[in-house]
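Colleague: One structure coming up, written as structure tokens, with questions to follow.
The values are calculated or read from the model by the stated rules, or taken from the named source; none is laboratory data. Bear in mind that the values here come from a model prediction, so they are computed numbers and not experimental data. Here the Cβ is made from the backbone with ideal geometry for all residues, glycine too, and neighbour counts use every protein chain on show. In case anyone asks, the SASA skips ligands and DNA or RNA and just uses the protein heavy atoms, side chains included. Shrake-Rupley method; radii C 1.70, N 1.55, O 1.52, S 1.80 Å.
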Amino acid sequence: MSQENVFTPPAKIEEMYPKEFVGMNRPTAGAREQKELPVGKEDIQLYSLGTPNGQKVSILLEELGVAYDAHRISINEGEQFFSGFVDVNPNSKIPALVDRSNPDEPINVFESGNILMYLADKYGKFVPAKDDVRKRTELGNWLMWHMAGQGPMTGNFGHFYSYAPETEIEARTYGVRRYGMEVQRLMSVLDKHLEGKQYILGDDYTVADIACFAWWNLKYRNKETKIDSHEFLSFNQYKNLTAWGERIAARPAVQRGMKVCPFFV
């Protein structure tokens, strides 16, 4: 095999930096513009966008029925790098939340899974009691499964399937195949677990269901074929998962939460 047909990385990754997405993707953290966040009148301030990660939190807030102010953060405009947002979440990822119940000591909360647990524990809903070690551990199993597997792997698949440069044919082929199969494996895991169950923890609807639903519900669309990811990945083969997803999608609070901070305006 000739050397030109073998991947040989340069000495430094900087030589590989792409021209695409440079406005958003950079190898450094921190604020890029000085601008404070808006603050409403409610104790709970949500800074988010209508992606699956953002929808997890807005769905839970709607399910809880608590008052909150929602502020749309446009990631395409780079608002996650405004100094006010970075002060709340130094990782510059939506969603982020500020609990101003005590205005002298507001609590910043980031990472969607952490926000879900914070709110569920704060209001005592959609999470097992703190003294129920067995059920809380089971909830943690599935929430971490989602945070470490389902969410990131589905996102990686979506990048190659829908957003990577169309000229990167070999990279996209590899990425779609690699992450598409992994998404299918993860969906098979959850589908088998849901056999004979209404929800992930059995009869109890929890933040684990909310988190997993948001990413299950997402449909990436390929720019070239127009085929959405549910069809491409044969999601209809997962009968238990489909019934579970449709059950959650029918909840009025879920429908309201999906509309908060819409991605397109």
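Colleague: Taking the stated definitions as given, is residue 46 surrounded by 12 or more Cβ atoms within 10 Å (Cβ to Cβ) and in contact (Cβ under 8 Å) with a residue 60 or more places away in the chain?
Modeller: Details: surrounded by 12 or more Cβ atoms within 10 Å (Cβ to Cβ): yes; in contact (Cβ under 8 Å) with a residue 60 or more places away in the chain: yes.
Criteria met by residue 46.
Colleague: So which of 159, 230, 146 ends up being in a helix (DSSP H, G or I), closer than 20 Å to residue 128 by Cα and at pLDDT 95 or above?
Modeller: Checking each option against the conditions leaves just 146.
Colleague: With respect to residue 172, determine if the residue is out of contact with any Lys or Arg (no Cβ under 9 Å at 6 or more places or on another chain), assigned to a helix (DSSP H, G or I) and either in contact (Cβ under 8 Å) with a residue 60 or more places away in the chain or open to solvent by 50 Å² or more (accessible area, probe 1.4 Å) (or both).
Modeller: no
Colleague: Can you pull out every residue in the stretch 49-108 that is among the aliphatic types (A, V, I, L, M), without any contact (Cβ under 8 Å) to a residue 60 or more places away in the chain and out of contact with any strand residue (DSSP E or B) (no Cβ under 6 Å at 6 or more places or on another chain)?
Modeller: Of everything in the stretch 49-108, those that are among the aliphatic types (A, V, I, L, M), without any contact (Cβ under 8 Å) to a residue 60 or more places away in the chain and out of contact with any strand residue (DSSP E or B) (no Cβ under 6 Å at 6 or more places or on another chain) turn out to be 66, 67, 75, 86.
Colleague: In the stretch 84-105, how many residues are open to solvent by less than 20 Å² (accessible area, probe 1.4 Å) and hydroxyl-bearing (Ser, Thr, Tyr)?
Modeller: 1
Colleague: Which residue pairs have Cβ atoms under 7 Å apart, sit 6 or more places apart or on different chains, and have a first residue in the stretch 240-265 that is without any contact (Cβ under 8 Å) to a residue 24 or more places away in the chain and in a helix (DSSP H, G or I) and a second that is loosely packed, with under 15 Cβ neighbours inside 10 Å and not β-branched (Val, Ile, Thr)?
Modeller: Every condition considered, the pairs that remain are 242/236.
Colleague: I'd like to know if the stretch 211-224 contains one or more residues that are in a helix (DSSP H, G or I), farther than 30 Å from residue 64 by Cα and at pLDDT 95 or above.
Modeller: no
Colleague: Please pick out the residue among 76, 108 that is out of contact with any His (no Cβ under 9 Å at 6 or more places or on another chain), open to solvent by 10 Å² or more (accessible area, probe 1.4 Å) and at pLDDT below 95.
Modeller: One residue alone meets the criteria, 76.
Colleague: Hey, any hits in the stretch 17-27 for a residue that's part of a helix (DSSP H, G or I), over 30 Å from residue 254 (Cβ atoms) and open to solvent by 30 Å² or more (accessible area, probe 1.4 Å)?
Modeller: For the stretch 17-27, residues part of a helix (DSSP H, G or I), over 30 Å from residue 254 (Cβ atoms) and open to solvent by 30 Å² or more (accessible area, probe 1.4 Å): absent.
Colleague: In the stretch 133-159, what residues are open to solvent by 50 Å² or more (accessible area, probe 1.4 Å) and either more than 13 Å from the chain's Cα centre (by Cα) or among the aliphatic types (A, V, I, L, M) (or both)?
Modeller: Of everything in the stretch 133-159, those that are open to solvent by 50 Å² or more (accessible area, probe 1.4 Å) and either more than 13 Å from the chain's Cα centre (by Cα) or among the aliphatic types (A, V, I, L, M) (or both) turn out to be 133, 134, 135, 136, 137, 138, 141, 144, 147, 148, 159.
Colleague: OK, next. Taking the stretch 175-190 as the region of interest, how many residues are open to solvent by 50 Å² or more (accessible area, probe 1.4 Å) and of a type outside the set (A, V, I, L, M)?
Modeller: Final tally of qualifying residues: 5.
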